[in-house]
């Protein structure tokens with residue numbers, strides 16, 4: 001895995017060549033007693049889900065939670081990397097950059 005820099009803009013940016021697509025890094029916390037989206041862990045947006053990290057259940061729940069938090073349809077969230085990792089990279093189509101800044105500040 002390539003080293004992660006501390007620059008938030010490198011982890012959360014609009015993808016070049018794709019109008020309206022925002023690429024973000026998320027940190028999934030499976031089995032959480034209090035599901036939700038917000039906060040930051042090592043530059044990644046924290047996504048807490050109650051689903052266990054078994055058979056992709058936590059990943060599916062995390063993608064649905066991200067869609068709800070950004071107010072986009074579930075099919076507007078695409079997993080780019082990290083299917084079996086807590087750190088995932090996702091593309092959001094039609095997402096508002098201001099919503100990302102607000103969620104990171106929680």
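The values are calculated or read from the model by the stated rules, or taken from the named source; none is laboratory data. The structure displayed is predicted, hence computed values, not measured ones. Don't worry about glycine lacking a Cβ; one is built from the backbone with ideal geometry, like all the others, and counts go over all protein chains shown.
Hey, among 65, 69, which residue is out of contact with any helix residue (DSSP H, G or I) (no Cβ under 8 Å at 6 or more places or on another chain) and either closer than 19 Å to residue 106 by Cα or modelled with pLDDT of 95 or more (or both)?
Within the list 65, 69, the selection yields 65.
Search the stretch 14-31 for residues being at pLDDT 95 or above and outside any strand (DSSP E or B), and hand back the single one that is surrounded by the fewest Cβ atoms within 10 Å (Cβ to Cβ).
31
Looking at residue 11 and the list (1) farther than 13 Å from residue 65 by Cβ; (2) at pLDDT 55 or above; (3) crowded, with 16+ Cβ neighbours inside 10 Å, which single condition is not satisfied?
Answer for residue 11: the failing condition is (2).
Residue by residue, here is whether (1) assigned to a strand (DSSP E or B); (2) modelled with pLDDT under 90; (3) more than 14 Å from the chain's Cα centre (by Cα); (4) loosely packed, with under 14 Cβ neighbours inside 10 Å holds:
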{"position": "46", "(1), (2), (3), (4)": "yes, no, no, no"}
{"position": "61", "(1), (2), (3), (4)": "no, no, no, no"}
{"position": "80", "(1), (2), (3), (4)": "yes, no, no, yes"}
{"position": "100", "(1), (2), (3), (4)": "no, yes, no, no"}
